[in-house]
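Q: Before anything else, here's the structure in question.
The values are calculated or read from the model by the stated rules, or taken from the named source; none is laboratory data. Only a predicted model underlies this, so the values are computations on that prediction, with no experimental measurement involved. When we count neighbours, we look across all protein chains shown, and the Cβ atoms used for this are built from the backbone with ideal geometry, even at glycine. Ligands, DNA and RNA are excluded from the accessible area calculation, which covers all protein heavy atoms including side chains. Shrake-Rupley method; radii C 1.70, N 1.55, O 1.52, S 1.80 Å.
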Amino acid sequence: MVPNKSLRVLIIGSGGREHALLRACKASPLVAAVSVAPGNGGMEQEAVCYPLNVSDTAAIVALAKKLDANFVIIGPEVPLAAGAVDELEAAGILAYGPTKAGARLEASKSFTKDFLVRHGIPTARGKRFTSSEEAVEYLAAQNFPVVVKADGLASGKGVVVAEDFDQACTAVYDILDSHCFGASGNEILIEEFMEGEEASIMLMVSEDRYVMLPPSQDHKRVGEGDTGPNTGGMGAYAPASVVSPSVARRVVSEIVEPTLKGLLSEGIRYRGTLYIGIMITAGGPKVVEFNVRFGDPECQVLLPLMKTDPVSVMHDCATGTLDPTTVEFRDGFDIIVILAAEGYPGTPRKGDVISLPTRLPPETGVIHCGTVREDNGAIATAGGRVLGVTARGASLSEAAQRAYALVSQIHFDGMHYRRDIGARELRREARA
C-alpha cells in the first residue's frame with residue numbers, strides 16, 4: 001500500500017484529459033505534490049506548469065529528475081509511442097503507461113490489424129497499402145461505405161468514412177500522395193465499414209490483471225446527428241447502456257482476455273490504460289481500434305465515476321500490484337460537452353478571450369483543453385477543442401440538463417458545440 005502524501009507526480013500533456021488527471025491527483029490522499037508539462041491556461045491556475053515538447057523523451061526524464069518526481073503519468077499517445085516509459089524506467093522512475101512495444105497498438109494500425117488476426121480477435125476485414133494506385137484498384141472492387149485509415153498517429157483525425165468510390169479515392173490521395181498526415185500516412189489501411197453502434201471500453205491494465213471502467217460513448221463527428229468530419233471527440237458520456245451485461249461478457253471473453261493473453265505471449269508487458277473502441281454489430285462486438293491511453297474526452301467522465309482513488313489504481317498498475325476486486329465505482333451518469341474553436345477540426349482560430357461564470361452550479365465543472373493564460377490574466381483560446389463542460393446526475397438527462405445550462409453561460413467568439421451529446425442514450429432512457 002502506498003503511504004499517504006508519498007507521491008510527487010508529474011503529469012505529461014496539455015489537454016482536457018490531463019486536466020482531469022490533474023484534478024484526480026489534487027484530490028488524492030496519496031499525492032504530496034503534482035506538476036504538469038506543458039499544461040494549459042486552466043491548469044496553470046491549479047498547478048505549476050513547465051514548458052515541454054512531449055515527443056522529447058529525454059526532456060521528460062530530465063524534468064522528472066529535476067522535480068524529484070517518483071511517479072509520472074503520461075497522458076497523450078505521442079510520448080508513449082516514442083518510448084518515454086522505457087526511458088523513465090531505465091532512470092528508475094515509475095511511470096503509468098505502456099512501453100514502446102505496447103504503444104504500437106495505437107502507433108500502427110497495421111500492426112494492430114495483424115495482432116487482431118493473429119489472436120483471432122473479432123474486427124473488420126482490411127488490407128494495407130503504401131501505393132495509391134494499388135489502393136484505388138482495390139477500392140474499385142469494394143462495396144461502400146469503406147473506412148480509410150492513416151497507419152500512424154494523427155490526433156484522432158486520421159480516419160475517413162468514405163460513402164462512395166470518389167470519396168475513398170480522395171482520402172487515399174490526400175493521405176498517401178499529399179501527405180496530409182505527414183509520415184503517419186506513409187501507409188494506409190482500408191477496412192470494411194461495420195454497421196452498429198460504437199462504444200469505448202477503457203481498461204486499467206497490469207499485465208494479466210485489469211479493471212474495466214464503465215463503458216462510455218464518444219461523439220467523433222463534428223456535427224449533430226454524427227455528421228461532418230471526424231474530430232478528437234466533441235463530447236462523451238458514461239455509462240453507456242448499449243454495452244449491456246451480455247455484450248460486456250462477450251467483450252471480456254472475445255476481446256479483452258485474448259488481447260491481454262496475446263500481448264503476454266508476444267513478450268509485451270502491458271501496464272497502463274488500454275482503450276478498446278468497439279462496434280456492436282449484429283454478430284457481436286468487434287474491435288474498431290486500440291488506443292494506449294485514456295480517451296479524451298472519455299477520461300473526463302470516467303475518472304469522476306471511480307469511487308476508488310484513480311491515482312492509487314494507476315500506481316498499482318504501474319507497480320504490478322493491482323487487485324481488481326478492491327476497485328469500486330459510483331452510481332449515476334457523467335457527461336462532457338466540448339466547446340470548440342471556429343474552424344475546428346480544420347484550421348482553428350486562436351486568441352479569442354473566454355468568458356466564464358465566476359461560480360459554477362453544483363455537480364458541474366469546466367475542463368480546459370486548449371487554452372492559454374495571457375499576460376493580463378485572461379484565459380484565451382489556444383486550440384481546436386477549447387473547453388469541456390462536465391456534469392453528473394442520477395440520470396443522463398439530469399446530467400445533460402446541468403451541462404447545457406452551464407454551456408449557455410460560457411462565451412468566446414466562434415464557439416461551437418454539439419447539442420446532441422448522449423442523444424442515443426437519452427432516447428433509450430426515455431423508452432425505459
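Q: Can you figure out the FRET efficiency of Glu133 with Ala183, using R₀ = 22 Å and their beta-carbon distance, to the nearest 0.05?
A: 0.65
Q: Related question: Where the centroid of each part is defined by its Cα atoms, how far is the range 138-175 from the range 67-119 in Å?
A: After rounding, the separation between the Cα centres reads 27 Å.
Q: Then there's this: Would you mind telling me the antiparallel percentage of the DSSP bridges in the chain, rounded to 5?
A: Taking every DSSP beta bridge within the chain, about 80 percent pair in antiparallel fashion.
Q: Filter the GluC sites (Glu not before Pro) in the range 289-369 to those in DSSP coil with at most 13 other Cβ atoms within 10 Å of their Cβ, and list the result.
A: When the GluC sites (Glu not before Pro) of the range 289-369 are filtered for loop state and at most 13 Cβ neighbours within 10 Å, Glu328 remain.
Q: So for the range 6-109, taking the charge dipole from beta-carbon charges (+1 Lys/Arg, -1 Asp/Glu), which of Leu67, Gly42, Ala24 sits furthest toward the positive end?
A: Toward the positive end, the furthest listed residue is Ala24.
Q: Size of the dipole of the range 235-390 about the Cα centre, Lys and Arg at +1 and Asp and Glu at -1 on the beta carbon, nothing else charged, in debye to 20?
A: The calculated dipole for the range 235-390 is roughly 220 debye.
Q: What is the packing order of peptides 314-326, 135-147, taking the mean over residues of other C-beta atoms within 10 Å and listing the highest first?
A: 314-326, 135-147
Q: Further, regarding this structure: Could you work out the relative contact order of the range 102-252, using alpha carbon pairs under 8 angstrom and six or more residues apart, expressed as a whole percent?
A: Across the range 102-252, relative contact order equals 20 percent.
Q: In addition: Name the shape class, rounded, prolate or oblate, that the alpha-carbon gyration tensor gives for the range 182-260, where a ≥ b ≥ c are the square roots of its eigenvalues, rounded holds for a/c under 1.5, and otherwise prolate holds if a/b is larger than b/c and oblate otherwise.
A: Verdict is oblate for the range 182-260.
Q: Then there is this: Before anything else, pin down the relative contact order of the range 188-346: Cα pairs under 8 Å, at least 6 apart, normalised by residue count, whole percent.
A: Over the range 188-346, the number comes to 30 percent.
Q: Using all C-alpha to C-alpha distances in the range 122-235, build P(r) with 10 Å bins and read off the rounded percent in each one.
A: So the P(r) values, bin by bin, are 13, 39, 33, 13, 2.
Q: When only DSSP loop residues count, what trypsin sites (Lys or Arg not before Pro) in the range 62-138 have their Cβ near at most 11 other Cβ atoms within 10 Å?
A: Here the trypsin sites (Lys or Arg not before Pro) that fit, given the DSSP loop and packing criteria, are Arg125.
Q: Can I ask one more? Taking 22 Å as the cut-off for C-alpha to C-alpha distance, list the pairs among Lys65/Lys109; Lys109/Lys286; Lys113/Lys261; Lys127/Lys157; Lys113/Lys149; Lys26/Lys350 that go past it.
A: From Lys65/Lys109; Lys109/Lys286; Lys113/Lys261; Lys127/Lys157; Lys113/Lys149; Lys26/Lys350, over 22 Å: Lys65/Lys109; Lys26/Lys350.
Q: Also: Would you work out the charge dipole size for the range 202-265 about its Cα centre, treating the Cβ of every Lys and Arg as +1 and the Cβ of every Asp and Glu as -1, and quote it to the nearest 20 debye?
A: My answer is approximately 80 debye.
Q: Return the FRET efficiency for the residue pair Glu266, Glu197: r is the Cβ-Cβ distance, R0 is 30 Å, and the value is rounded to the nearest 0.05.
A: Efficiency, from the Cβ-Cβ distance: 0.45.
Q: Here's something else I'd like to know. Taking square-rooted eigenvalues a ≥ b ≥ c of the alpha carbon gyration tensor, is the range 262-330 rounded, prolate or oblate, where a/c under 1.5 means rounded and, failing that, a/b exceeding b/c means prolate?
A: Oblate shape, in that a/c is at least 1.5 and b/c is the bigger or equal ratio.
Q: For the range 116-213, build the charge dipole from Cβ charges (+1 Lys, Arg; -1 Asp, Glu) around the Cα centre, then report which of Gln142, Leu213, Leu176 sits farthest towards its positive end.
A: The residue sitting most towards the positive pole is Leu213.
Q: Which shape class applies to the range 369-418: rounded if a/c is under 1.5, otherwise prolate when a/b exceeds b/c and oblate if not, where a ≥ b ≥ c are the square roots of the Cα gyration tensor eigenvalues?
A: The shape class here is prolate.
Q: Now, a different point. Evaluate the chain: find the radius of gyration of its Cα atoms, find its Kirkwood radius, and give the ratio Rg to Rh.
A: We get a ratio of 0.94 for the chain.
Q: Shifting gears a bit: When the expected Rg is taken as 2.2 N^0.38 Å, what fraction or multiple of it is the alpha-carbon Rg of the range 43-165?
A: Its radius of gyration relative to the 2.2 N^0.38 Å reference: 1.40.
Q: Quick one: compute the contact order of the range 15-64, relative version, from alpha carbon pairs under 8 angstrom and 6+ residues apart, as a percent.
A: It comes to 27 percent, rounded to a whole number.
Q: Sticking with this structure for a sec: So what's the net charge close to Phe329: Lys and Arg +1, Asp and Glu -1, counting the other residues with Cβ under 13 Å from its Cβ?
A: -1
Q: I'd like the carbon and sulfur percentage of the solvent accessible area for the range 280-432, probe radius 1.4 Å, heavy atoms only, ligands and nucleic acids excluded.
A: Accessible surface attributable to carbon and sulfur in the range 280-432 totals 47 percent.
Q: Treating only the Cβ atoms of Lys and Arg (+1) and Asp and Glu (-1) as charged, compute the dipole magnitude of the chain about its Cα centre; round to the nearest 20 debye.
A: 1000
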